[in-house]
1. Among the candidates 210, 175, single out the residue that is of a type in the set (A, V, I, L, M, F, W, C), surrounded by 15 or more Cβ atoms within 10 Å (Cβ to Cβ) and free of Cβ contacts under 8 Å to residues at least 60 places away in the same chain.
2. Could you check segment 155-168 and list, in sequence order, the residues that are part of a loop (DSSP other than H, G, I, E, B) and either in contact with a Leu (Cβ under 9 Å, 6 or more places away or on another chain) or in contact (Cβ under 8 Å) with a residue 40 or more places away in the chain (or both)?
3. Quick check: anything in segment 215-232 buried (at least 23 other Cβ atoms within 10 Å of the Cβ) and under 16 Å from residue 131 (Cα atoms)?
4. Report yes if residue 38 is assigned to a loop (DSSP other than H, G, I, E, B), within 22 Å of residue 235 (Cα to Cα) and at pLDDT 70 or above, otherwise no.
5. Tell me the residue from 193, 212, 245 that is closer than 25 Å to residue 69 by Cβ and assigned to a loop (DSSP other than H, G, I, E, B), please.
6. Of all the residues that make up segment 121-142, how many are assigned to a strand (DSSP E or B) and among the small types (Gly, Ala, Ser)?
7. So which of 239, 244, 229, 235 ends up being in contact with a His (Cβ under 6 Å, 6 or more places away or on another chain) and of a type outside the set (Asp, Glu)?
8. Name the pairs: first residue in segment 38-58 and assigned by TED's automatic domain parsing to the domain that holds residue 138, second residue polar (S, T, N, Q) and assigned to a loop (DSSP other than H, G, I, E, B), Cβ to Cβ under 7 Å, at least 6 apart or on different chains?
Amino acid sequence: MGQWPVLRRWLGLAGVVAILGVVAPCGCQEAQKTDAGPKWVKLFNGKDLTGWTPKFKGCDLGVNYKDTFRVEDGVLKVCYDKYDQFDSRFGHIFYEHSFSHYRIKVEYRFVGEQVASGPGWAFRNNGIMLHCQDPKTMTKDQDFPNSIEVQLLGGDGKNKRPTCNLCTPGTHVVIDGKLEKTHCINSSSETFHGDQWVTAEVEVRGGDIIRHFVNGKQVMEYEKPQLDSGQILTSGWISLQAESHPTEFRRIEILPLEQ
């Protein structure tokens, strides 16, 4: 089946028109119209934050607190050079569309030092937030969106610390047939020390299966993502975090999957 019908079901007609408009400057529009099958679409254009909207605790939607999210040298950066203290200013940057069935691929690394007063658990810590609530519905002082978090962690140079773990702000999942209410669960990935680039990939199939991959290797699987109320999450927004440690993203792409 060609790409066009797949995208129609994946995003709806309005979403197709919008996302093609986003990727057109990078030369991807023609690729979307071929019959060669689904194509990876760049969500980050490598130039600016087009298509992305920040939301920080204590700020209105759209305010990029202290220029935390910025693009430099073709890289989307989470920066803290304008901070004196972190002051619990948890932030997220949301892509403009919701998604349901897809694979997302992100290349990331941690750099530099954690900003002063950042929580200990947030050392070399970021996340890909999936099935997020609409950012317009977040309260001004909300720390995190209700979502499924693919937790990105970097090593401390000594201890084991896997990445692409699962955290569940305002949500639960089912693992091995059991409703799992533990907030964070480690994956089976190796530890990545230093400032090396790591590729995180996630396969999301609506309200069914979600799988995490690190550098091409599957490290976690679960199903039935749901709100604390039990409502199954079949779609939602995507966001990246700002949790007090400088982070860089040089590739953010998405691949539609058939439903």
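The values are calculated or read from the model by the stated rules, or taken from the named source; none is laboratory data. Keep in mind the model is a prediction, meaning the values are calculated, not measured. Methodologically, a virtual Cβ is constructed for each residue, glycine included, from the backbone with ideal geometry; neighbour enumeration extends over all protein chains shown.
1. Sole residue among the options that is of a type in the set (A, V, I, L, M, F, W, C), surrounded by 15 or more Cβ atoms within 10 Å (Cβ to Cβ) and free of Cβ contacts under 8 Å to residues at least 60 places away in the same chain: 175.
2. Hits for segment 155-168 are 161, 163, 164.
3. yes
4. yes
5. Result: 245 is the single residue among 193, 212, 245 that is closer than 25 Å to residue 69 by Cβ and assigned to a loop (DSSP other than H, G, I, E, B).
6. Residues that pass the stated criteria total 1.
7. After ruling out the rest, the residue left standing is 239.
8. Filtered contacts from segment 38-58: 54/64; 57/88; 57/142.
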